[in-house]
Amino acid sequence: MQVDSIISNTISQDIRLKGHQSIRFAPDGFSVLISDASYTPVYLKRYIYPEILPSGELFAECARILDESDLFSFEGENVLILDSLCVTLVPNHFYMQERSREMLQKVCPLESSDRVTDRIVKNRTGHLLYGIPQKIDELAGRFAGEVFILHASECLISLSDQVKSSDHQRGVVIAEVQEHTLDILVIKEDHIKLLNSYALNDPSDFIYHVLNTMKQLGLDRESIPVYLSGMIHETHELYGLLGKYVRNVVNTPYYLEELSRENILRFMILSEGSKCV
């Protein structure tokens, strides 16, 4: 296991009582961000394993590290962010709460022990359905403070507020790229036209999915911008490669104190989680 310690300031008792703790899970690890009541980061660590772990093993490893770091005792707000493919956005006029499990199963397989939950997306007309593994519920039950379980897709929708309103009207593609996952959001005429999550065999695969999405939705690659967050920054070779096919490629604007631009991009979904609840 590799541990990237990006910020390691002291977590005061005041922060433990009034601050925000966000944990984002990925197929090969997880990240922990703790911020004070004003959302200023004081602690940020990323735990990466050499290969994709079975989800049960990953959650157990996370529990072990949180226990060793005395972070289960955090009494402020706790947010757990899932990166699973088991998610779908249902328009309000199609949504029926009693059929939520059936609706989600049409998109992805569910374990019998998985809990299906939904969240009304802020400022949008839709319900986000996603599955929560039993082990995540068990993990959530160990925290001293209140716990919210979100999906990365909701955080991505929230991040779209950082994009110019004119782009929301003419059309925009927002892509969150990590080593093993991709989330794509398309907004046009200020409505969500598409929200998809993909597993990646290689990070470069995200380019195919972005181009295919634009083709399927008839989006002009000369005029519609693509906003990137996650591991793809301006000097990354894949940023330039996408730029050969799409005229306007930019990084999603965001600000986090004490972090480099590269780390802001990688961890903005993690940070946004606390602002979604």
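The values are calculated or read from the model by the stated rules, or taken from the named source; none is laboratory data. It should be emphasised that the depicted structure is a prediction, and the values quoted were computed from it without experimental measurement. We place every Cβ from the backbone using ideal geometry, glycine too, and count neighbours over all the protein chains shown. What goes into the accessible areas is simple: the full protein's heavy atoms, side chains included, and nothing from ligands, DNA or RNA. Shrake-Rupley method; radii C 1.70, N 1.55, O 1.52, S 1.80 Å.
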Does any residue in the stretch 59-85 that is assigned to a helix (DSSP H, G or I) come within less than 6 Å, Cβ to Cβ, of a residue that is aromatic (Phe, Trp, Tyr) six or more places away or on a different chain, and which pairs are these? CYS62/PHE30; LEU66/PHE72
Between residues in the stretch 140-169 that are acidic (Asp, Glu) and residues that are open to solvent by 10 Å² or more (accessible area, probe 1.4 Å), which pairs lie under 7 Å by C-beta distance while being six or more apart or on different chains? GLU146/GLU77; GLU154/ARG119
Pick out, from the stretch 87-150, the strands (runs of 3 or more DSSP E) lying fully within it that include 1 or more residues that are within 30 Å of ASP70 (Cβ to Cβ) and within 20 Å of the chain's Cα centre (by Cα). 115-120, 126-132
Log entry, pairs with first residue in the stretch 184-196 being more than 14 Å from TYR227 (Cα to Cα), second being loosely packed, with under 15 Cβ neighbours inside 10 Å and among the hydroxyl-bearing types (Ser, Thr, Tyr), beta carbons closer than 9 Å, six or more apart or on different chains, reads ASP190/SER165; HIS191/THR125; ILE192/THR125
The condition from (1) touching a residue at least 60 places away in the same chain (Cβ under 8 Å); (2) farther than 25 Å from VAL210 by Cβ; (3) in contact with a helix residue (DSSP H, G or I) (Cβ under 7 Å, 6 or more places away or on another chain) that ASP118 misses is numbered (1)
Residues of the stretch 206-219 being open to solvent by 50 Å² or more (accessible area, probe 1.4 Å) and either touching a residue at least 24 places away in the same chain (Cβ under 8 Å) or not in a loop (DSSP other than H, G, I, E, B) (or both), in sequence order, are TYR208, ASN212, LYS215, GLN216, LEU217
Please verify whether the stretch 189-201 includes one or more residues that are loosely packed, with under 14 Cβ neighbours inside 10 Å and closer than 30 Å to PHE59 by Cα. yes
Can you run down the residue pairs with Cβ atoms below 8 Å, 6 or more apart or on separate chains, where the first is in the stretch 87-104 and loosely packed, with under 12 Cβ neighbours inside 10 Å and the partner is modelled with pLDDT of 90 or more and not hydrophobic (A, V, I, L, M, F, W, C)? ASN92/HIS127; GLN97/ASP118
